[in-house]
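Undergrad: Got a structure here, written out as structure tokens. Questions coming.
Since every read-out is calculated from the coordinates, none of them should be taken as a lab result. Computed from a predicted structure; not experimentally measured. Cβ: placed from backbone, ideal geometry, glycine included. Neighbour counts: every protein chain shown.
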Amino acid sequence: MQTPVSWSKLARVNLPNAYIVEFLMCGHGVISFSPRAADVEADFIEQPSTEPDTDRVDDLRPDWVLAGGAIPAATPVAEPES
């Protein structure tokens with residue numbers, strides 16, 4: 001279970017230097033496996049009054065795999081005829 005984003009938003013109210021950066025589909029450990037997430041953290045630690053650069057945050061997506069290999073690409077579904 002992950003901490004809900006809504007809790008972060010509530011905490012931010014009383015933290016004047018707070019920024020919320022969401023790494024979608026990633027958990028609390030994102031900083032340990034993503035150099036990009038670690039850069040965002042370092043930016044904040046070095047300059048807490050400046051909003052961190054989050055330009056490439058949305059590019060971070062996990063590679064989902066199955067025991068037998070990668071998940072195959074989705075097959076388009078034909079639209080039903082009217």
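Undergrad: Give me the one-decimal nm value for the distance between modelled label points at Asp55 and Met25, 7 Å along each residue's Cα-to-Cβ direction.
TA: A separation of 2.3 nm, rounded to one decimal place.
Undergrad: Right, next: State, to one decimal in nm, how far the label point of Gln47 lies from the label point of Val5, with both points 7 Å from Cα in the Cβ direction.
TA: A separation of 2.5 nm, rounded to one decimal place.
Undergrad: For Val13, Val30, which order do you get if you count the other beta carbons within 10 Å of each Cβ and list the fewest first? The partial results should precede the final answer.
TA: Working: Val13 8, Val30 20.
Sorted ascending by nearby Cβ count, the order is Val13, Val30.
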